[in-house]
Structure formats: structure tokens, C-alpha cells
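We did not get these values from a lab; they are worked out from the coordinates using the rules stated. Only a predicted model underlies this, so the values are computations on that prediction, with no experimental measurement involved. For neighbour counting, all protein chains shown are included, and Cβ atoms are generated from backbone atoms with ideal geometry for every residue, glycine included.
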Protein chains: 4
Amino acid sequence: MFATETRIRVRYGETDQMGVVYYGHYAQYFEVGRTEAIRQLGLTYRELEESGILMPVVSMEVNYHQPARYDDELILRTRILELPRTMITFSTDIYKQDETHLTAGSVTLAFIRKENGKPCRPPEKILDLLRPHFL
Amino acid sequence: MFATETRIRVRYGETDQMGVVYYGHYAQYFEVGRTEAIRQLGLTYRELEESGILMPVVSMEVNYHQPARYDDELILRTRILELPRTMITFSTDIYKQDETHLTAGSVTLAFIRKENGKPCRPPEKILDLLRPHFL
Amino acid sequence: MFATETRIRVRYGETDQMGVVYYGHYAQYFEVGRTEAIRQLGLTYRELEESGILMPVVSMEVNYHQPARYDDELILRTRILELPRTMITFSTDIYKQDETHLTAGSVTLAFIRKENGKPCRPPEKILDLLRPHFL
Amino acid sequence: MFATETRIRVRYGETDQMGVVYYGHYAQYFEVGRTEAIRQLGLTYRELEESGILMPVVSMEVNYHQPARYDDELILRTRILELPRTMITFSTDIYKQDETHLTAGSVTLAFIRKENGKPCRPPEKILDLLRPHFL
């Protein structure tokens, strides 16, 4: 398993008139979680794209337990539970500072080549960096 | 079953650098779909809130089959498959004009009272409007 | 002068905890206004991009007079007040159904070539379509 | 003058198909800038709202010099140039790590009482914290 943690602060524009973070914004929080997970692994998603690999999202599941509020500092814990074969799944749990569990999300992405839009295997570079975490 | 249809056009700001609609924006498309579903049922979500009922989202599942692109006119088909008891689930399928199936989403919402934040039964008004569709 | 009108309905996710549309979302409303203005002129921004022209925004000014609220149907009136030379300015005024003037925005865009990122003259196609409105 | 600095990293979902940050997202960046400015001043906007003061935006001006890109770490420099009387203006300049000046924004907000929606003077607490910076 590969696990990382990052933090974000809720922006005013991310709340809705219910006074809490709009449910649609969690997708972007999960994206921040996995961007930082990839960075902590030792590469960047930006480099991956520049090397010709795109990673479109194929599915997402979210469970909303408790709401996040404006100016909350959120802890994003992102895990890769399995070595990717054709796809890669990132699980992100979001907590408040007091460890209240707010949200659990799971996002699965494919690997495709930019040049032809066709699915491809995960780049060796990612696999090499992940393998030591899955012994 | 209760089924409705509405249309939206993809905005430029909803695309990302992959050249397609960012995966996080579908939550808002689903919201448009269920807002219109409730309206076509004969009430509005705005009235529901004004009458003291909030409907926070408790879970969401999305499958992304094909990407939507800038300026595409999308068809949102939203269905309520079961008469709600404590929660209500809206299933929204998104199609292009040529009937390509782009995205399938399912969003479950609770009913809570604004005054105390406690879960409550679905308002009789909704149930009365839905019942004829579930005979 | 070239003037057009289009309508949009405020989405829940566009409100913030003040109970009104977040000030940042008007940029997207203005974009909807100018997308429709270009369409009513007789071409589409999508075609422009596909023909190799990008139109990055260089400046924006917004005056917020009255707030818009969830589910409001807004009237967007977009005008091009001058025949573009190196840049083009779209002025969009947003009204409620009862003609209350909510917001006034002005957005100026440049024309650049996709291939080299360099500024260029407005495409002849746009100028030809606009000229009859500026006699 | 009161001046502060904070940093944010561009999220994927903030880019558009032009490959750069969508012009509409800068309003949220400016909001992050002023939220941190208020925090560094010694209070929080959240406390202000909880004490019954709302600060709706009344106008915004933005000049876009250079684009920001995915994963860029941006430096937001926010200044209050005048002691507020009825309104307060925050000027935010956005820079890349290499000090390229990307964007200049100016946002003016009013002070209103939550209970009646009426304009009011700036809270004494803010004025007391600001005065030493305007001697």
C-alpha cells in the first residue's frame, strides 16, 4: 500500500447556500490528494502528461459522512491499495483537524496515450516507484 | 418510475486541459438534472428549502464512458427508480445529441430539517406527487 | 452595435454560504453570454478555435449591483459596442425576470494564433459578420 | 499600507482546454489572498461572519498579463492600500515562482449587517488592527 497525506483549506466559493462545501467540489479535493500522492511518490502528473500519457477518470464513488465548512483545514489521506494493471484507483479520506471523518472517495483512472487516445499500460516509471510499496 | 429530460450546453470553463469536461463538473450537471426533475414533478427544490427541508447529498457514484466537449448540447435523463423512504436516489444518464451515452450517475440525498439538522421523512408533498408514478 | 440575449438558470452549486451566487461565477455567465452572442452572429467560438484562433481574456471589469439567487432565471444581454481591431470587448448586463439589473460586466479578449501563441488580427469571418452592425 | 503574501498551487480542474487557468477562477484566488490577508491581520473572515457582518463583493477589476498553468505554485501578494471607510479594497497581484507577474486584481467589498442586509461601517475590530499600518 502507498499512503500519503496533504492539507487544504476550504475556500468561500466552495460553500453553497446550505452553509457547507458543495458536494461537487470533493472531486477537486480528491484530485489535489492524488496530485500530491503522485508527487510524494517521486514524479508529477504534469510530467506524466508531458511524456504523452493522459489519465482520464473512469469512475468515482463518494460517501459524504459529515459536511466541511468554510475555512476548515482539511486533511486528505490518499492511498493506492493495489499495484495498477490497466487502471489505477486512488482512495481519499477527508478528515477535519479533530479527526472527524468527513468524506470517503474512490477514483479510478485509465492510462491513455495522448497521440492516439488509446488505452495503454501504466508507465514503467510509476510501476517502478510503486512496486517497493507492494512487496 | 418517474423520468424526465432536460438539456444543458457545456461551458468553456467546464473543460480542462485534456480538452474535455472536467470529471468534477458532472456533479453539477446531475444537480441540474434533479432540479428539473423536481420541477417537472410539480414543485421546486427552492420551495422545499423555503419550507424548512434541506436535502444534503449522502453518496454519489459516477461512471464516465465517453467525454463531453465544449459547446456540446447534452441531454440529461433523470429517473427516480423507487419511492423514497428515508432517502431519495436520482439516476442521471447523460447523452450527446447523437445518443452516445457519455456518463451515468447516481446521487442519493437525505431529508433533514433546517431548524435542527435532524433527518426527517420525505415531505408528504413530494410523496403525493411521486406515488402515481409508482403504482 | 451588435446586441443579443440569452438566458440561464442559477445552479445550486453556484451559490455560496451568503445564500447568493458567488461573485466568481459571473465570469462563466459572461462566457455563456458571449458564446451565444458569437453563435447568433453566425459562427461558433468552437469553430474559431478549430480554425486555429484562440481568444484569451486580457481584462474584466464587474459591477455587482444586486445578488442573484438559486433557481433564478437570469437574462444575459451581451453587446459588442465597437468593431474589434486588435481586441474585442463584450459587455454583458444580467437581469432578473422582473428586469432588476443585477450585474454589469465587461470582458476584453485578444486574438492569438494557436500555432505560435502570437497576437493576430480578428479573423475576417468575424469582421464580415460584425460590419453590417456598425454602419 | 497592509501587505501580505500567500501561496496556492493550480489544480487540474482549474485549467481549461486552452491549457491554462480559466479566467473565471482568479476571483477565487483573490478570495484566498484576502482570506489570508485578514487572517494575518489578526482575525478571520469566518469570525466576522459569525459576528453578524457579511462582506459582499461590489466590484472587481482584473488584468490578465500571462497565463498560469496546472501545478504552478503561485504567489499571491495582497494589499490594502487605504483604511476602509464604507468599503474595503483588496489588491492582489499573482506571480509565478520566477517572479513573472501573471495577474493583477482589485476587489471591493461592502460591509453589511446579516440581520437586516443593510450597509454598515467597518467593524471597529478591523479598523483597530488596520490603523497601525496607515500611520
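Values computed for the structure shown
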quantity	calculated
Filtered residues of the range B:58-113 (kept if hydrophobic (A, V, I, L, M, F, W, C), without any contact (Cβ under 8 Å) to a residue 40 or more places away in the chain and within 15 Å of B:Thr35 (Cα to Cα))	B:Ile88
Qualifying residue in the range B:36-56 (condition: surrounded by 19 or more Cβ atoms within 10 Å (Cβ to Cβ) and in a loop (DSSP other than H, G, I, E, B))	yes
Only one of B:Gln17, B:Gln28 that is within 7 Å of another protein chain (Cβ to nearest Cβ), part of a loop (DSSP other than H, G, I, E, B) and not basic (Lys, Arg)	B:Gln17
Test set (1) out of contact with any strand residue (DSSP E or B) (no Cβ under 7 Å at 6 or more places or on another chain); (2) within 10 Å of another protein chain (Cβ to nearest Cβ); (3) not charged (D, E, K, R) - C:Leu48 fails condition number	(2)
Residues located in the range A:101-118, provided they are within 18 Å of A:Glu47 (Cα to Cα) and not in a loop (DSSP other than H, G, I, E, B)	A:Leu109, A:Ala110, A:Ile112, A:Arg113
Residue count, the range C:114-135 (criterion: of a type in the set (A, V, I, L, M, F, W, C) and without any contact (Cβ under 8 Å) to a residue 24 or more places away in the chain)	1
B:Asp98, sole failed condition from (1) within 12 Å of another protein chain (Cβ to nearest Cβ); (2) among the acidic types (Asp, Glu); (3) in a loop (DSSP other than H, G, I, E, B)	(1)
Hits in the range A:2-31 - residues which are surrounded by fewer than 21 Cβ atoms within 10 Å (Cβ to Cβ), in contact (Cβ under 8 Å) with a residue 24 or more places away in the chain and farther than 12 Å from A:Ala68 by Cα	A:Phe2, A:Ala3, A:Thr4, A:Glu5, A:Thr6, A:Arg7
